[in-house]
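In what follows, a single structure is set out as structure tokens and then discussed.
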Amino acid sequence: AQTVTQSQPEMSVQEAETVTLSCTYDTSENNYYLFWYKQPPSRQMILVIRQEAYKQQNATENRFSVNFQKAAKSFSLKISDSQLGDTAMYFCAFMKPHTGTASKLTFGTGTRLQVTL
Amino acid sequence: EPEVTQTPSHQVTQMGQEVILRCVPISNHLYFYWYRQILGQKVEFLVSFYNNEISEKSEIFDDQFSVERPDGSNFTLKIRSTKLEDSAMYFCASRATGTYEQYFGPGTRLTVT
């Protein structure tokens with residue numbers, strides 16, 4: 001079974017600064033997907049960014065980028081120019097795709113990010 | 001932009017009662033999921049559904065739980081006899097064929113008293 005570990009329960013960053021959230025995972029699979037989801041106080045789960053394991057290039061989405069190290073099984077999220085609206089719980093998630101069937105997400109325990117003035 | 005919707009947003013029920021949580025997935029999506037999140041904990045997978053049948057279920061999804069797609073738009077989660085430990089946020093998610101992003105609804109907060 002796959003496991004996802006987020007070793008930072010809480011982090012804080014000042015507005016306009018850059019912060020990196022860590023995620024490691026354990027799998028014997030070669031083909032899989034990794035995601036970062038954001039959960040603000042409203043508790044809605046919002047997809048932030050996606051990475052396919054077969055792609056060496058790190059995914060970017062505006063101020064959000066990842067550092068994907070497949071050999072090290074590491075998938076960190078970098079938030080640049082942090083904004084107050086980035087304050088949220090961030091979950092790392094793993095998915096092994098199964099053709100023709102639904103594929104579940106396995107989540108880490110989350111990192112609570114506080115952006116301060 | 002299309003989105004997953006869930007009703008009700010908050011449900012309070014007494015232990016032993018049946019509850020039905022409702023979800024309307026994004027209209028062209030064919031894969032459906034239920035997850036739950038006990039307060040302060042991580043999001044846990046309950047069940048996945050495709051082609052009118054369960055694809056996978058977790059050990060949490062025991063005989064007290066069932067899912068149904070009663071028509072072309074709704075996807076429901078039923079808990080037959082609720083327990084105190086069923087109190088949690090329940091999220092529905094869906095995804096389209098050929099993609100792997102799952103889009104989540106806003107959740108239903110279930111409180112069992």
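The values are calculated or read from the model by the stated rules, or taken from the named source; none is laboratory data. Nothing here was measured: the structure is a model prediction, and the numbers come from that model. Because the Cβ atoms are built from the backbone with ideal geometry, glycine has one as well, and the counts that use them run over all protein chains shown. Heavy atoms of the whole protein, side chains included, go into the accessibility calculation; ligands, DNA and RNA do not. Shrake-Rupley method; radii C 1.70, N 1.55, O 1.52, S 1.80 Å.
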Item to check | Checklist (1) within 12 Å of the chain's Cα centre (by Cα); (2) touching a residue at least 24 places away in the same chain (Cβ under 8 Å) applied to B:Glu68, failing item | outcome: (2)
Item to check | Residues of region B:13-45 that turn out to be crowded, with 21+ Cβ neighbours inside 10 Å, more than 9 Å from chain A (Cβ to nearest Cβ) and in a strand (DSSP E or B), as a count | outcome: 4
Checklist entry - Which residues, taken from region B:77-103, are surrounded by 17 or more Cβ atoms within 10 Å (Cβ to Cβ), farther than 30 Å from A:Gln51 by Cα and among the polar types (S, T, N, Q)? => result B:Thr82, B:Ser87
Checklist entry - Which residues, taken from region B:58-113, are out of contact with any strand residue (DSSP E or B) (no Cβ under 9 Å at 6 or more places or on another chain) and away from chain A (no Cβ under 14 Å)? => result B:Asp62, B:Asp63, B:Asp71, B:Gly72, B:Ser81
Next on the checklist: Going by what's in this entry, would B:Thr5 be described as under 14 Å from the mean Cα position of the chain (by Cα), β-branched (Val, Ile, Thr), within 13 Å of chain A (Cβ to nearest Cβ) and open to solvent by less than 70 Å² (accessible area, probe 1.4 Å)?
Outcome noted: yes
Checklist entry - Hey, does region A:91-105 have a residue that's in contact with a Lys or Arg (Cβ under 6 Å, 6 or more places away or on another chain) and within 15 Å of A:Ile49 (Cα to Cα)? => result no
Next on the checklist: Could you check region A:9-52 and list, in sequence order, the residues that are within 14 Å of chain B (Cβ to nearest Cβ), open to solvent by less than 70 Å² (accessible area, probe 1.4 Å), touching a residue at least 24 places away in the same chain (Cβ under 8 Å) and part of a loop (DSSP other than H, G, I, E, B)?
Outcome noted: A:Cys23, A:Glu29, A:Tyr32, A:Pro40, A:Met45
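Considering only residues that are of a type in the set (Phe, Trp, Tyr) and open to solvent by less than 20 Å² (accessible area, probe 1.4 Å), which ones fall in region B:46-76?
So the first thing to find is which residues in region B:46-76 are of a type in the set (Phe, Trp, Tyr), and the list is B:49-50, B:61, B:65, B:75.
Within region B:46-76, B:Phe49, B:Phe61, B:Phe65, B:Phe75 meet the criteria.
Yes/no matrix, rows are residues, columns are (1) within 14 Å of another protein chain (Cβ to nearest Cβ); (2) surrounded by 15 or more Cβ atoms within 10 Å (Cβ to Cβ); (3) polar (S, T, N, Q):
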position: A:Ala71; (1), (2), (3): no, no, no
position: A:Phe75; (1), (2), (3): no, yes, no
position: A:Lys78; (1), (2), (3): no, yes, no
position: A:Thr87; (1), (2), (3): no, yes, yes
position: A:Phe94; (1), (2), (3): yes, yes, no
position: A:His98; (1), (2), (3): yes, no, no
position: A:Lys104; (1), (2), (3): yes, yes, no
Checklist entry - In this structure, is A:Ser82 over 23 Å from B:Arg36 (Cβ atoms) and not in a loop (DSSP other than H, G, I, E, B)? => result no
